[in-house]
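Peer 1: The structure's right below; bear with me while I get my questions together.
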Amino acid sequence: MLHGIKTILLTSAARPIAAVSTAVIGLVATGGDADAETFPLDSAVLITDVRLAIAKAGSTGTLKTALSAIADITSAQVVVVRVAEDQVDQNSKVMGTTTGSAYSGMQALLTAEAKTGVRPRILGAPGLDTQEVTNGLVAVAKRLRGFVYAMAQGDDRDEVVAYADDFGARELMLFWPATSAGNADTIGRALGMRAWIDQTQGWQKTISNVVVTGITGMAKDVSWAMDDDTTDAAVLNAANITTLICFNGYRFWGNRTLSSEPLFAFESAVRTSQVLQDTFQEGLFWAMDKPITEGLIKDMISTVNGALRKMVVNNQLIGGKCWYDPAKNSGTDLAGGQLALDYDFTACAPLEGLTQNQTITDTYYADLSSSISSGTAAA
């Protein structure tokens, strides 16, 4: 028994919250002659050196093309799921299944975090993204809080506009036309650009209007002008399709998702929402299973508000706030171990349209006359 004074260290304060990693690509691809040890079938594997992995990607299928497109742009981490080539029913191989604890095809992306320690958030199946596959990837993206980049299917502008009408997911961005190197190259570069922008500018910046390395041409002609809303590019953008333009280099041009909810019309709004969800869930892990007290609740609110303020300072958010609502926390709920905290946020919208009002005036001739008169008098 102690006869004296003992000090017990108690921790009670807001905790710093680490940012989640958003620049992780999830790639579903075919490669019949790829190295089976590096790229086992229907299994999520983490590639940390994309250029080195290209040498083992084989020459058939979409794997080498997609990895080469990504490597042109960034050295981001890539979770690869290689699926078998099937000329009869390729969709089923890409879609995959979940049977007990066995995952195949794109479903294997769901196992990536447990197997590799990273969660893929930038998802695509370059060159394989039929309508069925795209819908399947969206379902996977919802579970991972990821975002899908896919080709819009169609031979001309009107066909792809009609194709886009079949989607309503906020986790999806469609692209058209392909680069001159094909569909797999196009979406491979979209995945690489998204990861690179996350690394260099942040998830709050959309993929639009950034020079894309390695594009030498487009598979289809697309008319575009900065101030004309009747061009092909404008019509495609109005249908929520991101297109390609060439203006001081080739660029993806378009900010919009296929969301049926206007609040998530912009890619940046969707990804901001996803980042906040993951950040705060992971950032409040320390609080789980602690006694529910006034101090704990205040610490949690302070932790979230501190993270929101930091994002505002870093120009990642316009604003946000976390609070405790007594109406949503009855005594019965709290006694049962259930607590609800509210937070809101305003994402950074992209400058999609700019209006300049031009006025012609003779006002400045008065200034010119005064200047000439004063100069003549001085002489």
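Peer 1: Among 269, 238, 265, 287, which is the only one that is over 30 Å from residue 328 (Cα atoms) and of a type outside the set (Val, Ile, Thr)? Spell out how you get there, then give the answer.
Peer 2: Working: 269 fails: over 30 Å from residue 328 (Cα atoms); 265 fails: over 30 Å from residue 328 (Cα atoms); 287 fails: over 30 Å from residue 328 (Cα atoms).
Result of the check over 269, 238, 265, 287: 238.
Peer 1: Right, another one. Please go through the stretch 257-302 and pick out each residue that is surrounded by fewer than 20 Cβ atoms within 10 Å (Cβ to Cβ), hydroxyl-bearing (Ser, Thr, Tyr) and not assigned by TED's automatic domain parsing to the domain that holds residue 330.
Peer 2: Of everything in the stretch 257-302, those that are surrounded by fewer than 20 Cβ atoms within 10 Å (Cβ to Cβ), hydroxyl-bearing (Ser, Thr, Tyr) and not assigned by TED's automatic domain parsing to the domain that holds residue 330 turn out to be 260, 273, 279.
Peer 1: While we're looking at this one, here's another question. Here are the criteria: (1) in a loop (DSSP other than H, G, I, E, B); (2) over 22 Å from residue 198 (Cα atoms); (3) out of contact with any Ser or Thr (no Cβ under 7 Å at 6 or more places or on another chain). Tell me which single one residue 76 does not satisfy.
Peer 2: Unmet for residue 76, out of (1) in a loop (DSSP other than H, G, I, E, B); (2) over 22 Å from residue 198 (Cα atoms); (3) out of contact with any Ser or Thr (no Cβ under 7 Å at 6 or more places or on another chain): (2).
Peer 1: Next question. Here are some conditions: (1) in a helix (DSSP H, G or I); (2) more than 27 Å from residue 119 (Cβ to Cβ); (3) within 28 Å of the chain's Cα centre (by Cα). Residue 272 meets all but one. Which one does it not meet?
Peer 2: (2)
The values are calculated or read from the model by the stated rules, or taken from the named source; none is laboratory data. A quick note: this is a predicted structure, and the numbers were derived from the prediction, not measured. We place every Cβ from the backbone using ideal geometry, glycine too, and count neighbours over all the protein chains shown.
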